[in-house]
Amino acid sequence: MERTYLIKPSLDDTLPMIDYGKGVYLYDREGKKYLDGASGAVTANIGHGVSEILEAMQEQAKKISFVYRSQFTSEAAEKLAEKISSLTPGDLNWCFFVNSGSEAVETAMKMAIQYWQEKGIQTKTKVLSRWVSYHGITLGALSLSGHTGRRARFVPLLEDFPVVNPPYCYRCPYGLEAPSCGFLCAQELEHAIKRIGAEHIAAFIAEPVIGAAGGAIAAPKDYFKVIKKICDENDILFIADEVMTGFGRTGSMLAMEQYEVIPDIVALGKGMGAGYAPIAAALASEKVIEPILAGTKVVMSGHTLSANPQSCAVSLAVLEYLEKNKIVSEVESKGEYLMNLLLPLKNQYSFIGDIRGKGLLLGIEFVEDSANKTPFPRIAQITQTMIALAKEKGLLVYPAGAGIDGVNGDSIIVSPPLTITKSEIEELVSLLAETFEGFSKQMKSGGGV
């Protein structure tokens, strides 16, 4: 193999060379076609090669691609902030633009701590979170993440912020069912607050649908109402990590709208630029900004490329494309169609334990024993095997963790572009069925685990 100078996810990976993309398909240099059933990393929400976005890129590049945010504002950044405010609920009116979801989460965390400082309360410095969660790979975001595998190497550098169980109904730690369970996993937050002391806690952060750590675990209907009530009663801000779910992925602009809860701060990313440019944001409510505006007037965060006109113009074009083509309004029905095609596979293959999710963010969890929900041992590398088999068939799906302990458990995420058609959904499921059939044959021949 010709040597490489590029650090890939695995240093000895031999990956196909991408050539181009169009719609929900990607094509490599060898001419092989792949259905992008993962939107890359749950990012390419409007598909590949959309001419309107390419034109917006070019138009902005002709004017200016970069200015530093402390020296200039730009029409692109101002219009994007206004557009996001108009698309999101309540008084979530203040945008801080950054470059990635991890940066958005860190900015949200800093905003929450600064909010209390500006109100004269210096002790509220902790941001609590859940196990089986993932908020980003930078040290602050990783401290918030209850992703055991990704924390492992860096534990001495991390804060112990994950404190409560996730709303993981398939593996409920209490052995109960929602809503008769009384949302005991949400009530755990109340106990944690009492143990730690509300005077030390600035905020609580959660993903509306758990992504990489859990394989599209969607909370039951009233779960977040309980969470928000606990936060409000204890003077704790609620941060929604909508990096994966924001801008239509679950069928509404914010997934939290479907839970009828408005967060104090929202982290956004991925679908915000739809893969056409690196951009993300921390979105703050009037409540959060008010004491800062009356105080120091400075949100203590920033990056060289924050709010750069090029990325902002691209994101604005993406959001206008979503609006113009009424894409978000069709996500729920497309998600139901996809789910209804996937569910029969659960009865067909004993290694499928659960199929779950919301909108076009669906997860499939794999188990060794479906009756007892026994996970495969980690050494078996089931997720990696499924990803590789699917890729051979010409289907891209996204790897995710699973299991209540965060150690043993395998799942994949199925999250095609929101623009996918019904016939393309049928093709996706057909390729997935071929993948499962191939895995089943491996298992029977003794080569699967």
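When the Cα centres of region 93-170 and region 386-449 are compared, how far apart do they sit, in Å?
Between the Cα centres of region 93-170 and region 386-449 lies a distance of 30 Å.
Of the candidates Gly146, Gly295, Gly49, which one comes out as most mobile in a Gaussian network treatment of the chain with C-alpha springs shorter than 10 Å?
Gly295
Carbon and sulfur atoms: what percent of the 1.4 Å accessible area of the chain do they account for?
54
Per residue, how many Å² of accessible area does region 129-216 show with a 1.4 Å probe?
Result: 41 Å² per residue.
Work out, step by step, the length gained on full extension between Lys444 and Gln58: first 0.36 nm times the residue separation, then minus their alpha carbon distance; give nm to one decimal.
133.6 nm
Distance between Cα centroids, region 46-69 to region 298-340: provide it in whole Å.
14
For region 32-101, which trypsin sites (Lys or Arg not before Pro) are both in a DSSP coil and crowded by at most 16 other Cβ atoms within 10 Å?
Sites meeting the loop and neighbour criteria: Lys32.
Within 13 Å, Cβ to Cβ, of Val67, how many net charges do the neighbouring residues add up to if Lys/Arg are +1 and Asp/Glu are -1?
0
When Lys and Arg each count +1 and Asp and Glu each count -1, what net charge do the other residues less than 12 Å away from Leu395, Cβ to Cβ, add up to?
-1
In region 140-196, which chymotrypsin sites (Phe, Trp or Tyr not before Pro) fall in coil by DSSP and have 15 or fewer other Cβ atoms within 10 Å?
Answer by residue number: Tyr174.
Once amide H atoms are built 1.01 Å from N in the peptide plane, which residues 5 or more positions from Thr419, or in another chain, come under 5 Å H to H?
Here Gly47 satisfy the definition.
First check a/c for region 128-276, with a ≥ b ≥ c the square roots of the eigenvalues of its C-alpha gyration tensor; if it is under 1.5, answer rounded, and if not, answer prolate when a/b is larger than b/c or oblate otherwise.
Verdict is rounded for region 128-276.
Given a 10 angstrom Cα cut-off, can you work out which residue in Leu345, Leu293, Leu139 is the most mobile in a GNM of the chain?
Result for the chain, Cα springs under 10 Å: Leu293 fluctuates most.
With the Cα gyration tensor of the chain giving a ≥ b ≥ c as the square roots of its eigenvalues, does the rule (a/c under 1.5 for rounded; else a/b larger than b/c for prolate; else oblate) give rounded, prolate or oblate?
Here the chain falls in the oblate category.
Please compute the volume of the convex hull spanned by the alpha-carbon atoms of region 298-449 and report it per residue in Å³.
174
Normalising by the residue count of region 235-331, find the relative contact order in percent from Cα pairs under 8 Å and 6+ residues apart.
30
Using a/c under 1.5 as the rounded threshold, could you call region 126-197 rounded, prolate or oblate? The axes a ≥ b ≥ c are square roots of the C-alpha gyration tensor eigenvalues, and prolate needs a/b larger than b/c, oblate otherwise.
Since a/c reaches 1.5 but b/c is at least a/b, the shape of region 126-197 is classed as oblate.
Please give the direction-averaged projected area of the C-alpha convex hull for region 216-296, in square nanometres with one decimal.
For the Cα atoms of region 216-296, the hull's average projected area reads 6.5 nm².
What is region 326-449's relative contact order, in percent, from Cα pairs under 8 angstrom and six or more apart in sequence?
24
For a quick check, take a GNM of the chain with Cα springs below 10 Å and name the residue from Gly21, Gly101, Gly269 with the largest mean-square fluctuation.
Of the options given, Gly21 has the highest mean-square fluctuation.
What does the net charge come to around Ala112 if you take all other residues with beta carbon closer than 9 Å to its beta carbon, with K and R at +1 and D and E at -1?
Here the count lands on +1.
Compute the Rg to Rh ratio over region 1-56 from the alpha carbon atoms, using the Kirkwood formula for Rh, and round to two decimal places.
Here the Rg-to-Rh quotient is 1.04.
Farthest toward the dipole's positive end in the chain, which of Ala255, Ala56, His135, given Cβ charges of +1 (Lys, Arg) and -1 (Asp, Glu) about the Cα centre?
Final value for the positive-end residue is His135.
In square angstrom, what is the accessible area per residue of region 391-449 with a 1.4 angstrom probe?
Value for region 391-449: 39 Å² per residue.
The values are calculated or read from the model by the stated rules, or taken from the named source; none is laboratory data. Keep in mind the model is a prediction, meaning the values are calculated, not measured. Ideal geometry is used to build each Cβ from the backbone, glycine not excepted, and the neighbour counts take in all protein chains shown. Calculation scope for accessible area: heavy atoms of the full protein, side chains included, ligands and nucleic acids excluded. Shrake-Rupley method; radii C 1.70, N 1.55, O 1.52, S 1.80 Å.
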